Structure formats: structure tokens, C-alpha cells
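A short worksheet on the structure shown next.
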Amino acid sequence: MKNVFRHTARMLPALLLSIAGHMPQGMAAVETFTDEATGLLSWQDRHPGFSLQFIQLLPDYVRAVYSARGLPPKVVELMAGYCMFGTIIKNESDKPLSYRVADWRYITADGQAHPVKTKTQWLKEWQDMGVAFRWSLLPDDQQFAPGDWSQGFTTLPLPRGTVFKLKYQWTQQEETHEGIFEELQCAPEEAPDV
């Protein structure tokens, strides 16, 4: 079982890119996909020149990723307790663009908007726990040249299976653009029967 998790952890970048590569260019609506092998969901929102994708991650996968890097069990379990997504951002335009996770908000069923925890906030928390580790989380903010892309984990303090909205922003040529995922859903505790 340990080797399966190790193999899966090494395969995440290829998995994220292969899923992202199956999307037609120029779509402006959120598309939802179900992975035939795992039953897990992913969502992609495409705008002219910009795309953002969220892929459900199971708690055991998160445990495997952080355990394989030698993080203490308390950090591994902390991270596995979060609603976690593999996230891919792409600049598909011919002009630079940027984003800031601090500008993103997830909206719970009660209509309340909450900030998304940033990589900087996680690094401070990990440092306070005696852990010096930087890999895996989506960068707080980035500048993208045409064709650039990035990936990392996005974390939300929500229970398994929770459905929520996520509002996000990006900037291009000093103009701020917004998008929304109306029905993102946290991964279940275990993979669905496929």
C-alpha cells in the first residue's frame, strides 16, 4: 500500500496536466468531469486566455504526499483534515496576467464568504510547528507570461463532501476579471465505488 501512495504522489503533476489537456480552448463556462478510474470530480473554468481547474484529492492521497516528504504525523493529519484540491492555473493568452489567492473567497451554504488560506499562512503555521517545508501548495500570487502555468494544492477548512462556491480573480493589463465555481465539492473520505 505504501508503494501505491508513493507512486501516486509522483504521478500528481502528470495527472493534473493530462486532465487539463483534455479541455477545448475558449470555453467560458465551468465544466465538471468524473475520473473513470477513481470516481473523483474535477472542475475547469475557462475564459479567453485564462483557465483554472480544481481536482478533488482524497485524504489518504494527501497523507501519502506529506508522509512521503517526512513531515511529522501531526502535520500530515492536519493537512488530511482539510478539503484539498489539486489546482492548475494557465495563461493561455498572448499577454501577461497575475492572480492573488488572498483575493479568492469560498462561500458556504449560509451565504458567508471566507478567505482561502494562503501558502504564506500555511508556511507560518508549519514553522510554528517546527516544520520547514515549502513544496505542494499553490503559490500566494504569481505573474504569468504568455503560456505559463502553475499548480499546487488549495486548502479549505470544510467537511468531506461539502458543496460550496468559490469566487476568484485574476488581473490582465491592469483590468481585474472575476469568475465563480458555483458547485465545487470536497472529496469524500474514500474513493467512490466505480
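The values are calculated or read from the model by the stated rules, or taken from the named source; none is laboratory data. What you see is a predicted model, and the numbers here were worked out from it, not measured in a lab. Every residue, glycine among them, receives a Cβ derived from its backbone with ideal geometry; neighbour counts consider all protein chains shown. Heavy atoms of the whole protein, side chains included, go into the accessibility calculation; ligands, DNA and RNA do not. Shrake-Rupley method; radii C 1.70, N 1.55, O 1.52, S 1.80 Å.
Residue-by-condition table, conditions (1) closer than 20 Å to residue 156 by Cβ; (2) more than 16 Å from the chain's Cα centre (by Cα); (3) surrounded by 19 or more Cβ atoms within 10 Å (Cβ to Cβ):
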{"position": "37", "(1), (2), (3)": "no, yes, no"}
{"position": "50", "(1), (2), (3)": "no, no, yes"}
{"position": "57", "(1), (2), (3)": "yes, no, yes"}
{"position": "62", "(1), (2), (3)": "yes, no, yes"}
{"position": "65", "(1), (2), (3)": "yes, no, yes"}
Study note, to complete from the structure: Given the conditions (1) surrounded by fewer than 22 Cβ atoms within 10 Å (Cβ to Cβ); (2) closer than 19 Å to residue 181 by Cα; (3) among the β-branched types (Val, Ile, Thr), every one holds for residue 76 apart from (2)
Check your understanding: Is it true that some residue in the stretch 131-142 is open to solvent by less than 80 Å² (accessible area, probe 1.4 Å), touching a residue at least 24 places away in the same chain (Cβ under 8 Å), at negative phi and out of contact with any helix residue (DSSP H, G or I) (no Cβ under 9 Å at 6 or more places or on another chain)?
Key -> yes
Review point. Is there any pair with a first residue in the stretch 167-194 that is more than 30 Å from residue 146 (Cα to Cα) and a second that is open to solvent by 100 Å² or more (accessible area, probe 1.4 Å) whose Cβ atoms are under 9 Å apart and which are 6 or more apart or on different chains, and what are they?
Key: 194/36
Check your understanding: Any idea how many residues of the stretch 149-184 are more than 13 Å from the chain's Cα centre (by Cα) and open to solvent by less than 60 Å² (accessible area, probe 1.4 Å)?
Key -> 11
Revision key, fill the gap. Selection from the stretch 100-126 of residues in a helix (DSSP H, G or I) and hydroxyl-bearing (Ser, Thr, Tyr) yields 120
Review point. For the subset of the stretch 80-115 comprising residues that are touching an Asp or Glu at 6+ places or on another chain (Cβ under 8 Å) and of a type in the set (A, V, I, L, M), which member is most open to solvent (accessible area, probe 1.4 Å)?
Key: 102
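Looking at 49, 70, 86, which one is at pLDDT below 95, under 23 Å from residue 148 (Cα atoms) and of a type outside the set (Phe, Trp, Tyr)?
49
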